[in-house]
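Encoded as structure tokens, the structure appears first; notes follow it.
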Number of protein chains: 2
Amino acid sequence: MEELTIPFHEAEPLYEQIYKYIKTQMREGRLPAGTRLPSTRKLAGHLGVSRSTTQLAYDQLVAEGYLQSEPCRGYFAARLETVVHLETKKSGEERQEKACASPYLVDFSLRGIDLDSFPYALWRRLARESLRDENRELFSAGENKGDIGLRQAVCGYLYGARGVCCRPEQLIVGAGNEYLLMLLHQLLGNQAIAMETPTYRQAFLVFKRLGNSVIPVSMDGNGMKREELAASGAKIAYVMPSHQFPTGIVMPIGRRMELLSWASEEEGRYLIEDDYDSEFRYWGKPIPSLQSADTKGRVIYLGSFSRAVAPAIRISYLMLPEPLLALYEETCSFYASTVSRIDQRIMAGFIGEGHYERHLNRMRGIYRAKHDAILRALSPLSDTFTISGERAGIHILLHSKNGRTEQELVRTAKDGGVRVYGLSEFDIGESGRKERGGTVLLGYASLTREKIEQGAALLAAALLA
Amino acid sequence: MEELTIPFHEAEPLYEQIYKYIKTQMREGRLPAGTRLPSTRKLAGHLGVSRSTTQLAYDQLVAEGYLQSEPCRGYFAARLETVVHLETKKSGEERQEKACASPYLVDFSLRGIDLDSFPYALWRRLARESLRDENRELFSAGENKGDIGLRQAVCGYLYGARGVCCRPEQLIVGAGNEYLLMLLHQLLGNQAIAMETPTYRQAFLVFKRLGNSVIPVSMDGNGMKREELAASGAKIAYVMPSHQFPTGIVMPIGRRMELLSWASEEEGRYLIEDDYDSEFRYWGKPIPSLQSADTKGRVIYLGSFSRAVAPAIRISYLMLPEPLLALYEETCSFYASTVSRIDQRIMAGFIGEGHYERHLNRMRGIYRAKHDAILRALSPLSDTFTISGERAGIHILLHSKNGRTEQELVRTAKDGGVRVYGLSEFDIGESGRKERGGTVLLGYASLTREKIEQGAALLAAALLA
């Protein structure tokens, strides 16, 4: 471990310096293949940095194949010839760029959540209990829609928290939203799909990939424009009424009724409601789901535990209205479930024993504190910028009031060491793009309060300079 | 528990009598909602039956909503009004039929594996270790293709055990074969796919569902006929060279070379090799994969841990040859992984620490003993039947030598209390159906040796009567 004394300097993030140091040591043969590295905990203590810093450095080295992480043994230097052929040129280059050339001190990333607050000990207990000998049946094939215990638990949660009214057999549990959209595509066929612009790119990519034509529909302050939707000719509209991504627009009940009435005007029209971060709302009354106002069975409801619990827990759920449920039973019910039954049991316990609700309450408090911190820290910008999309979710939007362009904002922030994201990255059509002023997005979920304050201060200084 | 004294009789399987007894008690109000039931272990001891019998009864009752299983608390009687609306009429009826009217003493089911031999304690240990505090990063989003640690471990295993030659970045880890076929479909597009007839129905259903036209190609004793494949016009052929399902045909190297040469004759031709139960081979040298003989990058290799480890562990892998890998990187690499990172870590440890190989060796011994037992017990039939598909896998085929039809065999077996499966259930075309004699399939993986011997004796008696 003496060898791992790193001459830190201030120009780069610490984790990157650790990462580069170990990589150089390996390339120069000073850490031969098979050498066991100190644990992230020990190294952090040794270097006087935080655990997450050493973890980040090791993660990057593992991702690039320099280190091998062996369960219950630790981290080991990999054989370097293997590293070379493990990396495709392209991904190697990307990683290189990502790891070595980061000019950012703070990244207001829109991905990631606050994992420091994840209830690890509880999860371990639930996992241990699910794996007890008495639960051997969990290793045999389960129900195709997902095990009834989990579907009942999700139903109960959705009814209580989101006003979603459904029976457990309307729910299909699947390994992530993208898989469930693939399944849904098989029910809906190759239809034109109306999407808000800007929108959630991942869903857009899935629809395009599956061969749907996607029609961008613009929004006003209340969300997707009804007339434009009607004129689009699409039979399916994908919307995020509780907190549109990325604009943060909350669709009021009037617009919701308009969309529901559009859907009921013609056979085969459906609204896909992606309720992706409805759990986090800081001001005002909770807004029930669009599905809860649907009396005609026109809403397909899509939800996930990725943001509310953890991205690596691949459990999402799709609620089908009756006509689509019948079609599913007839044509798609042969597909086996894509989620391990053990994970299903853990999640069912997490919800059923009340932990999920408590976890959400706790996370709401944590995110609210971060949310308040970012708003406070950005207040020096209030003369020249407005903020929107606050009050819910885990990101905000910053709009220039004096005509600065998005590119200018992103560049200026970068020069100040801060990464922010241009709104236009999420555009899927031209509509609305020209009229709006320069707008950037700041995600804050995965940052500590200190990092948020540091980043906002750097950003304000750069933008006011 | 005194109430749960069941007057057993011999006409029905014990689990079914327990199931019916509890259901009746509930319907007649003698087990009010919320009543806690004895554990499966206690009830088994009390009634003098095996744990798996009581477990089976409880599983069925949970599946139908009569009981609720609460993690770490036990089984409870459900509220009966809720039961009614939990069941769709259709699935309710099916279950009824399945549970109440089973006329079989022994079911040579083709589904299921021997789960009594699953290494539960080891799996728990690996799970515990994966969930340690140091592994917090496992809860954040991982690599889209699957974490490199698992892909490296799978690569190493495939190379050693199956001769599959690939780099970890050619592998995509996904939640089950069906999901991976959906992904593959997005790379191959809507092409005609040649499949052996009879074949694995689940893959057939996926292809049909995704809109592929499926062209049945008949087999001779060496597998898919090359001329018929060439004449089919298909560019893609789906084959199971190591142990064709359901016929058990092992494709010799000559036919393999013919198929590989067919594939290399035209741009865009591929062979999908589903290596579904290659792990279990009892006689002769192990046969390497078709992929190992592929020098032109025309084989797409598909494998899974469902049979070799457990059906509920939803981890499969798809190996893409270079041209398809490039297409994947370009068009599909945005899809997030569908497998939980914790499960990936457990599986990587299971393989990497050598447990998988030991487990396979152990299971091979267990299945071989069952395989030998079924062959021995069926030997009284040797004058009028031939057996094929033995030597590998976990099922055998029984062919009538004196013109008895498949329906006759299935019915006669049923009258003798034994469930066997007609080969024609797996036909996807007319070819070969008429010429062949009556043939039935017997799966033995999930039965005990005693059950296998009992079933085979009953079957022999019925067929010889």
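Any read-out appearing in this document is the output of simple, stated calculations on the displayed coordinates, not a laboratory observation. Computed from a predicted structure; not experimentally measured. Don't worry about glycine lacking a Cβ; one is built from the backbone with ideal geometry, like all the others, and counts go over all protein chains shown.
Please tell me if A:GLY146 is in contact (Cβ under 8 Å) with a residue 40 or more places away in the chain and closer than 18 Å to A:ALA175 by Cα.
Against the criterion (in contact (Cβ under 8 Å) with a residue 40 or more places away in the chain and closer than 18 Å to A:ALA175 by Cα), A:GLY146 qualifies.
Checking B:CYS165 against (1) crowded, with 21+ Cβ neighbours inside 10 Å; (2) more than 9 Å from chain A (Cβ to nearest Cβ): exactly one of these is not met. Which one?
For B:CYS165, the exception is condition (1).
Restricting the search to segment A:31-70, which residues are surrounded by fewer than 19 Cβ atoms within 10 Å (Cβ to Cβ), outside any helix (DSSP H, G or I) and within 11 Å of chain B (Cβ to nearest Cβ)?
A:SER39, A:GLU70
Give, as residue ranges, the helices (runs of 4 or more DSSP H) completely inside segment A:184-277 that count at least 1 residues that are surrounded by fewer than 21 Cβ atoms within 10 Å (Cβ to Cβ) and away from every other protein chain (no Cβ under 14 Å).
A:226-232, A:253-264
Taking B:TYR301, is it in contact with a strand residue (DSSP E or B) (Cβ under 6 Å, 6 or more places away or on another chain) and either away from chain A (no Cβ under 14 Å) or closer than 29 Å to B:ILE396 by Cβ (or both)?
yes
Collect the residues in segment A:399-418 that are farther than 14 Å from A:PHE108 by Cβ and part of a loop (DSSP other than H, G, I, E, B), keeping them in residue-number order.
If the condition is that a residue be farther than 14 Å from A:PHE108 by Cβ and part of a loop (DSSP other than H, G, I, E, B), then A:LYS401, A:ASN402, A:GLY403, A:ARG404, A:THR405 are the ones that fit.
Using beta carbons and a limit of 8 Å, which pairs, at least six apart or on different chains, have the first residue in segment A:113-130 and surrounded by 16 or more Cβ atoms within 10 Å (Cβ to Cβ) and the second one acidic (Asp, Glu)?
A:TYR120/B:ASP133
Restricting to segment B:109-158, count the residues that are more than 9 Å from every other protein chain (Cβ to nearest Cβ), within 19 Å of B:GLY176 (Cα to Cα) and either of a type in the set (S, T, N, Q) or not in a helix (DSSP H, G or I) (or both).
So the answer is 4.
Quick one: A:GLY174 ticks every box in (1) surrounded by fewer than 22 Cβ atoms within 10 Å (Cβ to Cβ); (2) at negative phi; (3) facing chain B (nearest Cβ under 10 Å) except a single one, so which number is it?
(1)
All but one of (1) in a helix (DSSP H, G or I); (2) away from every other protein chain (no Cβ under 14 Å) hold for B:GLY349; which doesn't?
Exception for B:GLY349: condition (2).
Which residues, taken from segment B:373-421, are surrounded by fewer than 21 Cβ atoms within 10 Å (Cβ to Cβ) and at positive phi?
Hits for segment B:373-421 are B:ARG391, B:GLY403, B:GLY417.
B:VAL164: touching a residue at least 40 places away in the same chain (Cβ under 8 Å) and not in a loop (DSSP other than H, G, I, E, B), yes or no?
It is false that B:VAL164 is touching a residue at least 40 places away in the same chain (Cβ under 8 Å) and not in a loop (DSSP other than H, G, I, E, B).
Quick one: which of B:ALA456, B:ALA445, B:ALA461 is aliphatic (A, V, I, L, M), crowded, with 16+ Cβ neighbours inside 10 Å and assigned to a helix (DSSP H, G or I)?
Of B:ALA456, B:ALA445, B:ALA461, the one residue that is aliphatic (A, V, I, L, M), crowded, with 16+ Cβ neighbours inside 10 Å and assigned to a helix (DSSP H, G or I) is B:ALA456.
Residue under question is A:SER292, and the condition is that it be out of contact with any Leu (no Cβ under 7 Å at 6 or more places or on another chain), polar (S, T, N, Q) and away from chain B (no Cβ under 11 Å); does it hold?
When the stated conditions are applied, A:SER292 passes them.
Of these, A:TYR356, A:TYR335, which one is more than 9 Å from chain B (Cβ to nearest Cβ) and of a type in the set (Phe, Trp, Tyr)?
A:TYR356
Do the conditions hold for A:GLY284, that is, is it free of Cβ contacts under 8 Å to residues at least 60 places away in the same chain and either outside any helix (DSSP H, G or I) or away from every other protein chain (no Cβ under 14 Å) (or both)? Full working, then the answer.
Values: free of Cβ contacts under 8 Å to residues at least 60 places away in the same chain: no; either outside any helix (DSSP H, G or I) or away from every other protein chain (no Cβ under 14 Å) (or both): yes.
Taking the combined requirement at face value, the residue does not satisfy it.
Could you please let me know if B:LEU188 is over 22 Å from the mean Cα position of the chain (by Cα) and more than 30 Å from A:GLN68 (Cβ to Cβ)?
Spelling it out, B:LEU188 is indeed over 22 Å from the mean Cα position of the chain (by Cα) and more than 30 Å from A:GLN68 (Cβ to Cβ).
Before we move on, is B:ARG314 part of a loop (DSSP other than H, G, I, E, B), within 20 Å of the chain's Cα centre (by Cα), within 12 Å of another protein chain (Cβ to nearest Cβ) and under 24 Å from B:SER388 (Cβ atoms)?
Details: part of a loop (DSSP other than H, G, I, E, B): yes; within 20 Å of the chain's Cα centre (by Cα): yes; within 12 Å of another protein chain (Cβ to nearest Cβ): yes; under 24 Å from B:SER388 (Cβ atoms): no.
It is false that B:ARG314 is part of a loop (DSSP other than H, G, I, E, B), within 20 Å of the chain's Cα centre (by Cα), within 12 Å of another protein chain (Cβ to nearest Cβ) and under 24 Å from B:SER388 (Cβ atoms).
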